[in-house]
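Participant: Let me give you the structure first, and then I'll get to my questions.
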Amino acid sequence: MLFLYNFFITIADFFLKIIALFNPKMKLFVSGRKTVFNTLVQKINTNDKTIWFHSASLGEYEQGLPVIEKIKEKYPSHKIVLTFFSPSGYEVRKNNIVADATVYLPMDTKKNAKKFIKLVHPEMAFFIKYEYWPNYLNALKKLNTPTYLISGIFRENQVFFKWYGQFYRNALNTFTHFFVQNEASKKLLLQLEKTNVSVSGDTRFDRVAAILEKDNRLDFISEFKNNSLTVVIGSSWPKDEEFLVDFINSNTKNVKFIIAPHNIKNEQIQQLKNSIHKKTVLFSEKESKNLADFDIFIIDTIGILTKIYSYADIAYVGGGFGNAGLHNTLEPATFGVPIIIGPNFSNFAEAIALVNLEGCISITNGKELTAIFEKLITDENFRKKKGVICNTFVNKNKGATSLILSKI
């Protein structure tokens, strides 16, 4: 089976290079991996002590960040090596300050895994939430490198729990310990006779709770808000924006809207701006404008949404329509902001919990969106009650990072 796996990885690598000729995102995926080994040679010496963290993309990085920071404090003489699989993670966080070397993870061939592990020679390795690369895991196992899964989550429909999943079940044998988010994940691992499991919860709660202790001020957002009730629309997709733009255009209340789309390509930003019939300004235009004069502020940049949520009175989190995948609801929740989302959130435990607690409201169409927005805008007590529920939920679920550190 390993032979077949390596064969398909090699074939996939070949075709990805062809696709990269026509696809900008895939071009980043392929070209970014060409310099990995040279970067590691430059930044990691043979006598360095290192610890390796791997995250699939941006969400997993944010999830693992509290652990990375605490490990860095606990082992100050070690270098931190951080890898990403996806361009959407690497390109956004390649200049982070927590890691000593940040690179793409080379494709999971035996040759790449052997070379990567030799160059990094980690004393410990951490995989965040998921991604189980057999050749890398086997290379770590051969060297008896302690390997941990943090904020892991398992579901019955995963390949590990299928009759044909023995190959991937073997990959799980390489882990020293599993730190999982919930009891359901632990029970599934126990079915596979994995007893090296702790229910630690989700480290994202620690990350978003810590945001409150940071300086979240953005003077240009304060200028735009100008003490008005403000709705922040985070990580929106076109399907979200269909309903939201209709509401924005028809709204007669004294409300301002900040829209931070998931995709900030110029063509789509201009299309969004043109669809709005109120005074609208882009982040890229802000230097020459009196922001207080505008009703709508479109954020055509990345990296500041978390701070923007601190100015929200109401938040809409995108991705709950279609197949995009719901974005982070915990960031507005930590600021005590009531949240509106689309209908597709069944794969997101925190969203399910917030909806059940009624701090987060799920809508399925424009009529429902209008009704809940009007209720939240006009009823201050209702709005604040929902916000308290969200903030309390975050505070009650902190502590995963401490539990993980105590067992390593």
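The values are calculated or read from the model by the stated rules, or taken from the named source; none is laboratory data. What you see is a predicted model; the values in this text were computed from it and never measured. Neighbour counts run over all protein chains shown; Cβ positions are idealised from the backbone, glycine included. We work out accessible area using only protein heavy atoms, side chains counted, and drop any ligands, DNA or RNA first. Shrake-Rupley method; radii C 1.70, N 1.55, O 1.52, S 1.80 Å.
Participant: Scanning for something without any contact (Cβ under 8 Å) to a residue 40 or more places away in the chain, in contact with a strand residue (DSSP E or B) (Cβ under 8 Å, 6 or more places away or on another chain) and not in a helix (DSSP H, G or I), does the stretch 112-130 turn up at least one residue? Walk me through how you get there before you give the answer.
Facilitator: Kept after step one, since they are without any contact (Cβ under 8 Å) to a residue 40 or more places away in the chain, are these residues of the stretch 112-130: 112-114, 117-118.
Next, from what is left, pick out any that are in contact with a strand residue (DSSP E or B) (Cβ under 8 Å, 6 or more places away or on another chain): none.
Within the stretch 112-130 (the criterion being without any contact (Cβ under 8 Å) to a residue 40 or more places away in the chain, in contact with a strand residue (DSSP E or B) (Cβ under 8 Å, 6 or more places away or on another chain) and not in a helix (DSSP H, G or I)), the answer is no, since none of the residues qualifies.
Participant: Going residue by residue through the stretch 380-402, is there one that turns out to be under 22 Å from Thr280 (Cβ atoms), open to solvent by less than 50 Å² (accessible area, probe 1.4 Å) and either out of contact with any Cys (no Cβ under 6 Å at 6 or more places or on another chain) or free of Cβ contacts under 8 Å to residues at least 60 places away in the same chain (or both)?
Facilitator: No, that holds for no residue.
Participant: Of the residues in the stretch 52-73, how many are surrounded by fewer than 24 Cβ atoms within 10 Å (Cβ to Cβ), acidic (Asp, Glu) and within 13 Å of the chain's Cα centre (by Cα)?
Facilitator: Here the count works out to 1.
Participant: Return the residues of the stretch 339-373 that are assigned to a helix (DSSP H, G or I), closer than 14 Å to Tyr316 by Cα and either in contact (Cβ under 8 Å) with a residue 12 or more places away in the chain or open to solvent by less than 40 Å² (accessible area, probe 1.4 Å) (or both); say none if nothing qualifies.
Facilitator: The answer is Ala351, Leu354, Val355, Gly366, Leu369, Thr370, Ile372, Phe373.
Participant: Okay, next question. Taking the condition in a loop (DSSP other than H, G, I, E, B) and in contact (Cβ under 8 Å) with a residue 60 or more places away in the chain, does Glu193 pass?
Facilitator: So Glu193 fails the test.
Participant: Which residue, of Leu229, Leu212, is buried (at least 16 other Cβ atoms within 10 Å of the Cβ) and touching a residue at least 24 places away in the same chain (Cβ under 8 Å)?
Facilitator: Numbers: Leu212 fails: buried (at least 16 other Cβ atoms within 10 Å of the Cβ).
After ruling out the rest, the residue left standing is Leu229.
Participant: Further question on the same structure: With (1) under 24 Å from Phe283 (Cα atoms); (2) open to solvent by 20 Å² or more (accessible area, probe 1.4 Å) as the list, and Asn323 as the residue in question, which single condition is left unmet?
Facilitator: (1)
Participant: OK, next. Restricting to helices (runs of 4 or more DSSP H) lying wholly in the stretch 15-97: which have 2 or more residues that are modelled with pLDDT of 95 or more and closer than 14 Å to Phe126 by Cβ?
Facilitator: Correct list: 58-74.
Participant: When you go through (1) over 21 Å from Asn135 (Cα atoms); (2) of a type in the set (D, E, K, R); (3) part of a loop (DSSP other than H, G, I, E, B) one by one for Asp108, which number turns out not to apply?
Facilitator: Failed condition: (1).
Participant: Scanning the stretch 242-281 for residues that are hydroxyl-bearing (Ser, Thr, Tyr) and not in a loop (DSSP other than H, G, I, E, B), which turns out farthest from Asp379 (Cα to Cα)?
Facilitator: Among residues in the stretch 242-281 that are hydroxyl-bearing (Ser, Thr, Tyr) and not in a loop (DSSP other than H, G, I, E, B), the one farthest from Asp379 (Cα to Cα) is Ser275.
Table: residues versus (1) more than 21 Å from Ser151 (Cβ to Cβ); (2) in contact with a strand residue (DSSP E or B) (Cβ under 8 Å, 6 or more places away or on another chain); (3) at pLDDT 95 or above.
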{"residue": "Tyr316", "(1), (2), (3)": "yes, yes, yes"}
{"residue": "Asn323", "(1), (2), (3)": "yes, no, no"}
{"residue": "His327", "(1), (2), (3)": "no, yes, no"}
{"residue": "Gly342", "(1), (2), (3)": "yes, yes, yes"}
{"residue": "Ile361", "(1), (2), (3)": "yes, yes, yes"}
{"residue": "Leu369", "(1), (2), (3)": "yes, yes, yes"}
{"residue": "Asn395", "(1), (2), (3)": "no, no, yes"}
{"residue": "Ile404", "(1), (2), (3)": "no, yes, yes"}
{"residue": "Lys407", "(1), (2), (3)": "no, yes, no"}
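Participant: Still on this structure: Every residue in the stretch 108-147 that is open to solvent by less than 20 Å² (accessible area, probe 1.4 Å), within 26 Å of the chain's Cα centre (by Cα) and not aliphatic (A, V, I, L, M), please.
Facilitator: Answer for the stretch 108-147, where residues must be open to solvent by less than 20 Å² (accessible area, probe 1.4 Å), within 26 Å of the chain's Cα centre (by Cα) and not aliphatic (A, V, I, L, M): Asp108, Phe116, Pro122, Phe126, Phe127, Pro134, Asn135, Tyr136, Thr147.
Participant: Just to verify a result, which residue in the stretch 74-104, among those that are out of contact with any helix residue (DSSP H, G or I) (no Cβ under 7 Å at 6 or more places or on another chain) and hydrophobic (A, V, I, L, M, F, W, C), is least open to solvent (accessible area, probe 1.4 Å)?
Facilitator: The extreme case among them is Leu82.
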